[in-house]
Amino acid sequence: MNIIVCIKQVPDTTEVKIDPKTNTLIREGVDSILNPFDAYALEEAVRIREAKGGKVTAITMGPPQAESVIRDAIAVGADDGILLSDPAFAGADTLATSFTLSTAIRKIGSFDLIFCGKQAIDGDTAQVGPGIAAYLDIPQIAFVKKIRDLTDQKVVAERMVEDGIEVVESTIPVLITVVKDINEPRMPSLRGKMNAKKAEVTVWTSKDLDADASRLGLNGSPTWVDKISSPPPKSGGEKFEGEPKDIVKAFVERLKADNLLQ
Amino acid sequence: MANIEVLKETCIGCAKCIRACPYDAIEMADNVAEIDLKKCTLCGACVESCPVDAIVLHHAHRAAVDLNEYKEVWIFAEQREGHVQGVVYELLNAGKKLANDRGTRLCAVLLGSGVAEQAGELFMRGADKVYLADHPSLKDYNDEPYSRILAKLARQYKPEIVLCGATAMGRSLIPRAAVMLQTGLTADCTGLEIDPDSGHLLQTRPAFGGNIMATIRCENYRPQMATVRHKVMDEAIPDTSRTEGEIIRVTVDENDTASRTRILEVIKEVEETINITEADIIVAGGRGLKGPENFEMLRELAKVLDGAVGASRAAVDAGWIGYSHQVGQTGKTVKPKIYISVGISGAIQHLVGMNSSDRIIAINKNPDAPIFQAADYGLVGDLFEIVPELTRQFKTLLKK
C-alpha cells in the first residue's frame, strides 16, 4: 500500500503567551514540535506498511526548518519525506494549505491511503484533512479511532461522534484523520534515528508543483487574521479564605443567599 | 510586490520586530528593519509587535466574486436520527442578529429523510426560510452527498454567510463544502458580528491553543463560512406563534446522493456518567488532585449535586480520567449552571471551554491561580479538606 501522511511543525502552544502590555504574542524561546496528533497518523501508516508492505511518504509544508519534522517521521518509520517550502507558500490559510498539499500529493502520483492528524494544535481547525480530500475528489473518514478492516479495495473504520462511534466503510483511495485513541506511537529506534540523520529530504517549491500562484500562500487565502487580542478577562469574584470548615460554611450560606441551591 | 513590506520612512529602528519574529527573518540595516523573504512565513507577529505600524501585510484585495449578489444568512440544520440538534438553535439565535444587521433573511438548510416536519421548529426558532432536501438516501450523514448538495445550493442561491455547528458532522462536512465553493472558512468561532463599516463578518476564535483570540475576516470571497461550538452561544427561544415560513424543496437526484462511503453501524456509548455537555452542574478536577484515585472524591460531590464529572487536559493526559470528560480547547465546551473547578490552575485553554458557565466556583490552594480571575466564588485552601467538607454540607442541606 502506498500511504501518504500529512504532518505539520507547530509551536509548542502550551507555552505561547500574550504580552499584556503590547498585546502581542511572546514567541521567544518557544520550541517547534511535530504536531502531536500527526504522530498517531504516522504510527498508523507505519503499522499498515509493516503488515501489508508498501511505502510511507511523509509530507509537510513550512519554512526550511520544518525539515526537522520530516526527519522525525523517518525516525519512526516513514520511508521518505517531502518538504514543500517556498516563500510563495507563506501566509496560507486552510484553503490554500489544502490546495498546496493536494497539488503535491497529485505530483507524488499513486496512493491508497492518506493519513492526517485530526487537527494541528496551533490552529485547531481540523479543516485541512477534509479540504485535501475535497481537492483530490476522494472520500474521507474524519476522527477515526480504529481501523477495523483493510483490503486493497475497502477500509472499514470507527469514527468518533458526540455520543459514540459510527462504523464507516469506504472505497480506496481515502483520506483518514485520526484521534489519539487509535494507537500508541512508538519512540524512534536507534536505527530509525540513523536513517533520519542520513535521509535526503526532497524539497519542492512552487515551481516543482507547477501551481497557479494566485492560489498559493497569502494570495490564495480568503481568510486572514485582522487582529489578535487577549481573551476577555473576568474581574474575579468573591474569595473565601481561612479554615476549610469555616469557608465552606460561609460559601454555602452565600449560595443559599444567591438562590443557587434549589 | 512582496506580501510584506517595511515602511522605511516610518520605521524607528526599535528592533521590537526582531524579537517578535519566530523565524529569525528580520535584521536591522541602517536602523531600518529588513525582512528576509526566504525565511518569512507571513505569520504577522512583527506586524503586531511594531509600535508605529511600519510593517504592512498585503492581502489579496481583489474581489473573487461579485459580493452584491450574495444575500441571506444560512444555518446548516444538523439533524441526527431525524432530530435537529441543539447547536442549530444556538446558531439561529446568533444568525438572527447577523441577518438583521445585514437587512437580509435568516434561512436554515435541512437535509435528511422524513424530516419535513422539523421545519416548523426552525421557523419558531427564527428561520424565515427553510431549504429542504428530503430523500431516503440522506437519512444518515455522509460526507459526499451532504457536501455536494450544500455546495450546489450555495452556488444556486448565493448566501453571504453560512454557519454550522463545530460537531463531528459539521467539522467533516463544512471544510469539504468550503473547498468545493472555493471560499474561506473559520473554525470554532466564539464570537460573530457584522463590521458596521464594511458589512463583512468578523469571526472571533481562540487561536494558539486558546492563548489569544483572533478576529478573522473573509472580505473578498463568498459565502463567509464559520463553525461554532455547541454551548458557546444561547439558544433561540421558540416563538410558538411563528410556525410557518417559506419552504424551498430541493430536488435531489442520483448524482447528488452518490457516495463512496457508507455507515455500516452506529454504536452508542453507554457512559457511566451524564454527558458533560448536557449537565447542569459539573465538578471538574485537574492536576491538583494528584492521582486518579482522588477523582472518587469529585464523583461523590457530583453525585450529591446530581452533576457530572469533568477534567482538565492535564488530568486526562496523565491518564487519570477518560477523554470524554475533558473540558477545554481540545476537549468539550460546556455551559452548565454551576461549574466547580477543583485543583485546576485555569490555563486559558481550559477557561475557553467553560467560561460561559452561569456560575463558576474555584477551589485551589494557590490564591494567585488564574482560575480565580474567572470564578464568581473562589475557595482558597487545600482541596483535600474543602471538597469532603463541601460534600458533607451539601448532603445535609439537600437532605441526601
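The values are calculated or read from the model by the stated rules, or taken from the named source; none is laboratory data. On a predicted model such as this, the values are computed, not experimentally measured, just so you know. Every residue, glycine among them, receives a Cβ derived from its backbone with ideal geometry; neighbour counts consider all protein chains shown.
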Completion exercise
Turns out the strands (runs of 3 or more DSSP E) fully within region A:1-87 with at least 2 residues that are more than 19 Å from A:Asp208 (Cβ to Cβ) and modelled with pLDDT of 95 or more are A:2-6, A:55-61
Handout entry: Subset of region A:142-157 [crowded, with 23+ Cβ neighbours inside 10 Å and either out of contact with any helix residue (DSSP H, G or I) (no Cβ under 8 Å at 6 or more places or on another chain) or more than 21 Å from A:Phe37 (Cα to Cα) (or both)]
Key = A:Val155, A:Ala157
Practice task
Determine whether B:Tyr146 is assigned by TED's automatic domain parsing to the domain that holds B:Val87 and more than 20 Å from B:Gly82 (Cβ to Cβ).
Solution key: no
Fill in the blank from the handout: For region A:143-167, pairs from a residue that is polar (S, T, N, Q) to a residue that is assigned to a strand (DSSP E or B), with Cβ under 8 Å and 6 or more apart or across chains, are A:Gln153/A:Thr171
Problem - Residue that is farthest from the chain's Cα centre (by Cα), among those in region B:311-328 that are closer than 17 Å to B:Ala279 by Cβ and outside any helix (DSSP H, G or I) - result: B:Ile321
Problem - Number of the condition not met by B:Gly307 [criteria: (1) within 25 Å of the chain's Cα centre (by Cα); (2) closer than 18 Å to A:Gly242 by Cα] - result: (2)
Completion exercise
Counted residues in region B:343-362 being assigned to a strand (DSSP E or B) and over 17 Å from B:Asp306 (Cβ atoms) come to 2
Fill in the blank from the handout: Checked region B:347-370 for anything in contact with a strand residue (DSSP E or B) (Cβ under 6 Å, 6 or more places away or on another chain), farther than 26 Å from B:Val228 by Cα and surrounded by fewer than 24 Cβ atoms within 10 Å (Cβ to Cβ); matches are B:Pro367
Handout entry: Within region A:45-95, tally of residues that are in contact with a Cys (Cβ under 8 Å, 6 or more places away or on another chain) and over 25 Å from A:Asp124 (Cβ atoms)
Key = 1
Fill in the blank from the handout: When (1) outside any loop (DSSP other than H, G, I, E, B); (2) more than 8 Å from chain A (Cβ to nearest Cβ); (3) surrounded by fewer than 20 Cβ atoms within 10 Å (Cβ to Cβ) are applied to B:Ile340, the one that fails is (3)
Problem - Unique match (being more than 22 Å from B:Glu269 (Cβ to Cβ) and aliphatic (A, V, I, L, M)) among B:Ile371, B:Ile282 - result: B:Ile371
Practice task
With the condition kept exactly as written, say whether any residue in region B:281-299 is surrounded by fewer than 18 Cβ atoms within 10 Å (Cβ to Cβ) and either aliphatic (A, V, I, L, M) or at pLDDT below 90 (or both).
Solution key: no
